[in-house]
Every structure is written in structure tokens, then in C-alpha cells.
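Notes follow once the structure below has been shown.
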Amino acid sequence: MIPIHYSAEVAKARAEDAPIVALESTIITHGMPFPQNVETARLVEQDVRDSGATPATIAVLNGQLHVGLEADTLDALGQAKDVAKLSRADMAACIATGGTGATTVAATMIAAHLAGIHVFATGGIGGVHKGAEDTFDISADLHELAQTPVTVVAAGAKAILDLPKTFEVLETLGVPVIAYRQDMLPAFWSATSDMPAPLRMNSAEDIATAQQTRTAMGLQGGQLITNPIPQATEIPAATLAPIIAQALAEAEAQNISAKAVTPFLLGRIFELTEGRSLTANIALVRNNARLAAQIAIAMCK
Ligand code: PSU
Ligand code: MN
């Protein structure tokens, strides 16, 4: 095992076997502009605490894996330049070479599992990009959900993606996709889509038991909990469709590829919606953090 640096509150929660919720850092460094990124990270951590669990924001800092960041460290990360975006492929290399990187969904799941944390809240997972039949751009987040036993609470996959293909791949990989308290899948900035959810659950207890049952059956992997954005803050899918199309066309015209695609699209959609996409993104992450805390508490019982 590699050494893990725990924040004081995460170390305390671990010693007491108290519920812990993992949080990612790529959303801070690559998903939102400063200073809203740091403000959101702090709010999300506080939402987890207010819901009765301990937040553990994860990142690699100077070659050390951190599970739980102290407040000043979180501030510094949110303003740092040239932070790597880490997934399964490059996390070990970053640690080995003393680098600094933010963890995506895939890398955060790996770190959470190493730290014995079973629940993780984020905004939206990565998935199959539009045009993947040409680019083969499919996020490593999907394969991670198939192999690492962490329940991920998200507002679905980000709506910049090809959502039907993303959910087809999750089905192929054997990942349970569970909508929380509705029959349809949410679509990140929008509370619903026209896709029925494969599974639906109405309580944190059922979600916790489902993950524990998977593990008890010897089935690898986690679950994706799709938690709809609160209605009052959603952006209707019809409003977003032309904006997403424009951002995608610009990405193609500018030859944006690989890890740069998602940050570019989120940044352009922020500009094109005059900040409304960010307001919605913040609301949905906070909503996910509260549900993740309830699931973590249910898993501890
Ligand atoms: N959720 C958000 N904003 C984000 C992300 C999630 O609300 O920026 C990040 C996560 O770290 C996720 C990544 O793993 O986007 C997906 O990147 P890619 O499409 O390159 O796999
Ligand atoms: Mn990609």
C-alpha cells in the first residue's frame, strides 16, 4: 500500500468508523472557474458535514495521495496552474514522479477504495462523447464503475455527452444505474430526460444495501446513483440543446481532443449561458453531496 495523507477530520472519522463521503478535485481545477470553484468545494464539504458525514476531498499533491484536504490546501489547489487531470492511466505516474494532480471520477474512486470509503459525490460522470464512433473518446469513468466498489452519486452523465450510448456502455459493463426517486434518468443540468432509468430507488438505505449485496455476491464494481438536479435550478434540455451543439462545433473546429474536451465544453457552455450552467452545476453537486452523506450513514448502520 502507498502512504495516504488524511486531513485531521478524515483521520478522526476513520478512527471512529464514522460515515465519510469522498469528493473529487477535477471539478475544482478543470470543471469550474475561480473563485466559484473554491467556494463550491467549501459549500459541498459543509453540506456533507451538515448531513452528518465527513467530507474527504481527494487530490495528489507533490507526489502524495491526500484523502481530505485542509482548508488552505483546498484554496491553493483551486488557484494553482498546470494541475494535471488524473484518471486510472496516470495517477500512479503522478505519485511516482512527485507531481500534483486533481482526481477525476475514476481516480477518486480508486483513492476512495484504497482509503476504505464506499460513497462518493460528484456533479456528473464522464461517458461516451458525441462522435465517439470517430474519436473513440469514452471516459475511463465507465470502466472504473465496473471494477471499483464505490457508490457514485451524480446527476447522471454530463449532458455534453451522448447519453444513450453512455448508458448502453454502462449496461454492457454491468454497472447498476439507479435513479433516485424518479422513473426517468436525469440529464445533468436538466432534472429529466426521455430515457427511462434501468433501476429506481427511493431511499438511501436501499442504495446502501444494494452496494453491500453486490459486494457480498462477489460482484466487482460500484453503482451509479443518478440524482436529479432540484427543479428550481434546472435548465430545460430544449434550452441547452443549441448551446451544447454550438460548443461541440467550436471544439471540433479548434481540434480540441482527449482530456481537454470536457473542460473546454463546460467552459464554453458557462459563457454561452452567461453563468447559468455554473449556477445549476453548483446546485446539483450540493444536492448530490447531501444524498451521498445519507447513503454513507446508512452503510455504517
Ligand atoms: N462533474 C462536474 N464537473 C466536472 C467533472 C464532473 O460537474 O468537471 C469531471 C469529473 O472529474 C469527470 C470528468 O471524471 O469531468 C470527466 O472527464 P473526461 O470526460 O475527460 O473523462
Ligand atoms: Mn475523454
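Here are the numbers for this structure:
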| item | result |
| --- | --- |
| For the stretch 249-301, with +1 on Lys and Arg beta carbons and -1 on Asp and Glu, the positive-most of 291, 269, 253 along the dipole | 291 |
| Dipole of the stretch 34-85 [Lys/Arg +1, Asp/Glu -1 at C-beta], most positive-end residue of 58, 34, 83 | 83 |
| Bins of 10 Å from zero: percent of alpha-carbon pairs in the stretch 130-249 | 13, 43, 33, 10, 1 |
| Footprinting exposure proxy for 290, 200 (fewest neighbouring C-beta atoms within 10 Å first) | 200, 290 |
| Residue-count net charge about residue 249 - beta-carbon cut-off 13 Å; Lys, Arg +1, Asp, Glu -1 | 0 |
| Alpha-carbon centroids, the stretch 25-88 and the stretch 276-300: separation in whole Å | 15 |
| Electrostatic dipole magnitude of the chain [Cβ: Lys, Arg +1; Asp, Glu -1; Cα centre; debye, to 20] | 360 |
| Of the trypsin sites (Lys or Arg not before Pro) in the stretch 106-187, those whose Cβ has at most 12 other Cβ within 10 Å and which sit in DSSP loop | 181 |
| Highest to lowest packing among 86-93, 243-250, 142-149, 291-298, scored as the average C-beta count within 10 Å | 291-298, 142-149, 86-93, 243-250 |
| The chain shape via C-alpha gyration tensor axes, a/c threshold 1.5 | rounded |
| Residue of 279, 135, 103 that the Gaussian network model of the chain assigns the largest fluctuation, springs spanning Cα pairs under 10 Å | 135 |
| Residue 300/residue 241 FRET efficiency (R0 30 Å; Cβ-Cβ; nearest 0.05) | 0.10 |
| Anisotropy class of the stretch 101-195 from Cα gyration tensor, a/c 1.5 cut | oblate |
| Local electrostatic count, residue 88, Cβ distance below 15 Å [Lys/Arg +1, Asp/Glu -1] | -2 |
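Values in this text are rule-based calculations from the coordinates and carry no lab data. None of these values were measured; they are calculated from a predicted model. Counting neighbours? That spans all protein chains shown, and the Cβs are built from the backbone with ideal geometry, glycine included.
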